[in-house]
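Below is one structure, written out as structure tokens; comments come after it.
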Amino acid sequence: MNVLQAIIIAIVEGLTEFLPISSTGHMIIVSSLLGISKDEFTKLFEVVIQLGAILAVVVFYWRKFLVFDKNRFNFYFKLIVAVIPALILGFLFSKKIDAMLESPLTVGITLFVGGIILLFVDNWFKEPTIESEEKINIFTALRIGFYQCLALIPGTSRSAASIVGGMQQKLSRSVAAEFSFFLAVPTMAAATGYKLLKGKELLMAHPENLKLLLIGNVVAFVVALGAIKFFIGAVKKYGFKMWGYYRILIGLVIIAAILMGYSLEV
């Protein structure tokens, strides 16, 4: 991986991390198209640059995360409870997840199936009763956390899984999207920390890779700031159907390419 390839992957991450279209799936496909080998550093890079994107959430919602008042403890506690299922399942099935990260076909199928679901979620959940994060209780947060576990399958989209889970729990579209952003912070911080711990020897052996990680995180952070603002506005105005059509189209293109004999694996 060179600097230009790292920047392109980081732009993809920043654009897609908070959209319901699977950032991991897009990075896998773009990496393949760029001819980046699926070595251990590539896998580490595609996880660790998500740290830059989630820091964009902390900056964008800095009052929610950094201004401490009587509601802050409850807010953090809900996030901790919601992230527990993904932490446990992610740890137990880490090897299986890493294996699926090498499969563009898995990405294509899950993008397609998830797209079909997004075509109908706005009609399925028409009468939300939770219009602010403060009204989300601990048990609702936990149930959303279980939905988030679906995103352990590459191509599912952590954002899509947790948003659909939130809407099923009577959250409005915008509140479900925002809670998905908030939940990304502990989820991806834990995933990044775990990946860095596992890959510390790799980084120590090749310190030049640290520069790529730094560049990737900075680019992902800047791009994600714009993506968050855009997505909240689009969700309020248009709902999720357009993302469903996008996922179906991309999923079909990937599946068709593989069936026609084009190799998307490096």
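The values are calculated or read from the model by the stated rules, or taken from the named source; none is laboratory data. These figures come from a predicted structure and were not determined experimentally. Don't worry about glycine lacking a Cβ; one is built from the backbone with ideal geometry, like all the others, and counts go over all protein chains shown. Just so you know, the surface numbers come from the protein's heavy atoms only, side chains and all, with ligands and any DNA or RNA stripped out. Shrake-Rupley method; radii C 1.70, N 1.55, O 1.52, S 1.80 Å.
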Scanning the stretch 38-67 residue by residue, those open to solvent by 30 Å² or more (accessible area, probe 1.4 Å), aliphatic (A, V, I, L, M) and in contact with a Ser or Thr (Cβ under 8 Å, 6 or more places away or on another chain) turn out to be Leu51
When every residue in the stretch 114-144 that is farther than 16 Å from Lys236 by Cβ and among the hydroxyl-bearing types (Ser, Thr, Tyr) is compared, the one most open to solvent (accessible area, probe 1.4 Å) is Thr129
If you go through Lys96, Lys43, the only one that is in contact with a Gly (Cβ under 9 Å, 6 or more places away or on another chain) and within 26 Å of Ile258 (Cβ to Cβ) is Lys43
Leu19 passes all but one of the listed conditions (1) open to solvent by 30 Å² or more (accessible area, probe 1.4 Å); (2) over 24 Å from Met204 (Cα atoms); the exception is number (1)
Note on the stretch 2-58: residues of a type in the set (D, E, K, R) and in contact (Cβ under 8 Å) with a residue 12 or more places away in the chain are Glu13, Glu17, Lys38, Glu40, Lys43, Glu46
Matching residues in the stretch 163-214 (buried (at least 21 other Cβ atoms within 10 Å of the Cβ), among the small types (Gly, Ala, Ser) and closer than 17 Å to Ser132 by Cβ) number 4
Taking first residues from the stretch 92-111 that are within 13 Å of Gly251 (Cα to Cα) and buried (at least 17 other Cβ atoms within 10 Å of the Cβ) and second residues anywhere that are at pLDDT 80 or above and of a type in the set (S, T, N, Q), the pairs with Cβ under 9 Å that are 6 or more apart or on different chains are Val107/Ser22; Thr110/Ser22; Thr110/Thr156; Thr110/Ser157; Leu111/Ser22; Leu111/Thr156; Leu111/Ser157
